[in-house]
Each structure stands twice: as C-alpha cells, then as structure tokens.
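Undergrad: Input: one structure, supplied below.
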Amino acid sequence: MDGGRRLPGSLREWLAPRLDAPAHSPAEDRLSCRKAFIGFRRGGFRIGSASLSVRRGVGSAAALSFIGLTGVSGWVIGGHQEAMRRVHGGLPDIVARAAGFPIRSVDVSGVKELGKDEIVAASGMTPAGSLLFLDVGAVRASLKTLPLVAEATVRKLYPDRIEIKIVEREPFALWQQEGVVSVVSADGTVIDTLSDRRYLKLPHVVGPGARLRVREYAAILDGVPELRSQIRAGVLVSERRWTLKMANGVDIKLPEENAVEALRQLERLDREAQVLAKDIIAVDLRIPGRIAFRLSEEAAAARRDYFDKTLPKVKGRA
C-alpha cells in the first residue's frame, strides 16, 4: 500500500480477476468435492495440472503393517519375547528340537561330593535348549566355577544325549583366616567353609598365604611321623616361615630353610629326654645346630629360686 492506503497498480491488476470471480454456491462446492472423491476412488485425483495415482489395496496394506508393527513392538517392550525365549528357547533351538535334536538325558560321572542335580544346574542347560546348538565350551566353563570341580569334560552324543565327566578337587587341608576355617584343595583352592566334622583330621594351617603352601606344610608333617600326632596346626609367620602349635600348648619356631631337618633334631631329643613334656612354652629352632627352650613363668621362677638358694652355699664353701 502507498501512503494513501491504496494498493499498487501491479497488485491491483493481479487481484482484480480473482476478486471479480463469481462465488460458488454451497451446492456447487459439494458437487466438486463429490467429483474429487469419486476420482480418488477410481484410482486417482487431479491437483492443479498434476495427477496422483494411488494403487488399490495400498492403504489397507499400510494399515495392517502399522497394526502389526505396533503389536510386535508392544510384545517386545512388554518382555514377552524374553519370557518365550526362556520357556521355548530361541528360534534355532525350536527348529533343532523339531528336527529331532532335543536334550533328553544327561549322564554325569566322576562325582563324589557333588550330586547330579548340582552338576546339571551349574551347567546352564535347560529343556529349552537343543543338542545341535549347545555350546559345550560354555557348559564346561560354567561347571568349573564350582569350587569342587577341578576338570570337566562335556560331550554331545547325537541325537539327544549329553555326557559329562567330572574330576573333583579333594579336600586336602583346613585354612584359618580371620576366624573363618575353610576346606581347601592341594592347590589352595577354597572348596567350602568347614561344616563337616570328618574334615577335622586334615592338616590345619593359619594365616595369609598359608592356603597356597599346604603341600609344603604337609611335607613337614610327613617328615616327623613321631611328632605329627602332637602337632595341632601350623602358623605361617610373615609368609616366610612356620611356627608349629603343639597340642600341649608349646610353640615350635622353625627356620625358613631346612625346616624338616631342624624338626628331626628335636624329634630325636624328645625321644631321648621327653623335652616336650617338660614345663616349657616354646622351642626355637631358627638358628642352625642349636635348640633353645623357653620356660613357662612358673618354671622360670622355680629355676631362679633354685639358683638363688644354691649359689650362696657354693660360694660359702669356696
């Protein structure tokens, strides 16, 4: 518009034919819409000078696809897919079972402390699996997570059997750490906490790192058969040397090296003089070729009294 609120000439010329066009009556508008609808139903309609064609059935297919996708999305989001997988397995397992490769039986051998049900449960196998797609490596790895299982062999026997052979760890010693007593194997693997009295006769070691040296401790006990029954436990000191706890309360301090030989010297001395039955609380074998005894407080006091009473008389005679 110019300053007098008049339209420019070019704009008036463009609007004139449009403003002067006769208005359509409502009936004519309805007739035009009906024709456009009929044209659409017959396969196309015209927009300006262009024609858009729509194939028959495309709308129905799109609607069905949308409904199907919505249903599948809701099924997955709702967790139904995972629930079905747990019950029936994945599609490969379903097909394999239908083809004649289910898992009908599991044969377990080599178990002593463990039961077949424990082995099957630890294997991770379920009725939803199939023999064809069973991962024997994964089953073996699952079985070896059991502390009692040292080795496991898993074989497929087609069409529907599994064979599992187990090598169990043998309880070898008791290991005490911070008040907790555990049953360990010869390689130091913790099998379980002590809950069965039949294991009380196993060698007993105490302290950090002691479970990894149970073979060494057992060799010390085997080297002194006459003293073995009197030894209650072995304490690993600073993870370097052993101190033996005797049943009568005496401590025997062993050297870091040649511990068995030093203990055999004490064994010979005890055989001759029953020194371990004396009123002592400790024996120190840490210095090669020397045995030192520590008396109890009562024995030490009695020894002092004896010398206090005896030495003056000796001096008086002199």
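The values are calculated or read from the model by the stated rules, or taken from the named source; none is laboratory data. Source: prediction; values computed, not measured. These accessible areas exclude ligands, DNA and RNA; they are computed on the full protein's heavy atoms, side chains included. Shrake-Rupley method; radii C 1.70, N 1.55, O 1.52, S 1.80 Å.
Undergrad: Using amide H atoms built in the peptide plane, which far-off residues or other-chain residues are under 5 Å from F172 H to H?
TA: V184, S185, A186
Undergrad: Note down the relative contact order for the range 80-204 as a percent, whole number, built from C-alpha pairs under 8 angstrom at least six residues apart.
TA: 22 percent.
Undergrad: From the phi angles alone, apply the Karplus equation (6.51, -1.76, 1.60; θ = phi - 60°) to the range 239-255 and give each ³J(HN,Hα) in whole Hz, x where the residue is Gly or Pro.
TA: 6, 10, 9, 9, 10, 8, 9, 8, 5, 8, x, 7, 9, 10, 8, 9, x
Undergrad: Then there's this: Give me, ordered by chain and number, the residues 5 or more places off V181 or on other chains with an amide H under 5 Å from its own placed amide H.
TA: Amide H to amide H, under 5 Å and 5 or more residues apart or across chains, V181 pairs with L194.
Undergrad: Per residue, how much accessible surface does the range 157-240 expose to a 1.4 Å probe? Answer in Å², no decimals.
TA: With the other protein chains kept in place, the range 157-240 gives 54 Å² per residue.
Undergrad: Once you sort the root eigenvalues of the Cα gyration tensor of the range 159-267 as a ≥ b ≥ c, which label holds: rounded (a/c under 1.5), prolate (a/b larger than b/c) or oblate (the other case)?
TA: Taking the square roots of the gyration eigenvalues as a ≥ b ≥ c, the range 159-267 is prolate.
Undergrad: Give the shape of the range 110-213 as rounded, prolate or oblate, defined through the alpha-carbon gyration tensor: a ≥ b ≥ c are the square roots of its eigenvalues, a/c under 1.5 means rounded, and otherwise the shape is prolate if a/b is larger than b/c and oblate if not.
TA: Prolate.
Undergrad: Within the set K144/K245; K201/K253; K144/K253; K253/K278, which residue pairs have Cα atoms separated by over 28 Å?
TA: K144/K245; K144/K253
Undergrad: Quick check on the range 115-169: take the gyration tensor over C-alpha atoms, sort the square-rooted eigenvalues as a ≥ b ≥ c, and tell me if it's rounded (a/c under 1.5), prolate or oblate.
TA: Prolate.
Undergrad: Each residue of the range 156-162 in order: what ³J(HN,Hα) in whole Hz does its phi give by Karplus 6.51 cos²θ - 1.76 cosθ + 1.60, θ = phi - 60°, with x for Gly and Pro?
TA: Each residue of the range 156-162 in turn: 8, 10, 5, x, 8, 10, 10 Hz.
Undergrad: Ok, one more. Rounded to a whole number, what % of the accessible area of the range 163-286 do carbon and sulfur atoms account for, probe 1.4 Å?
TA: Roughly 47 percent of what the probe reaches on the range 163-286 is carbon or sulfur.
Undergrad: Could you run the Karplus curve 6.51 cos²θ - 1.76 cosθ + 1.60 with θ = phi - 60° over the range 123-134 and give me ³J(HN,Hα) per residue in whole Hz, x for Gly and Pro?
TA: 5, x, 6, 9, x, 6, x, 9, 5, 4, 9, 6
Undergrad: When every alpha-carbon pair in the range 206-263 is counted, what percent end up more than 14 Å apart?
TA: Counting pairs separated by more than 14 Å, the tail of P(r) holds 49 percent.
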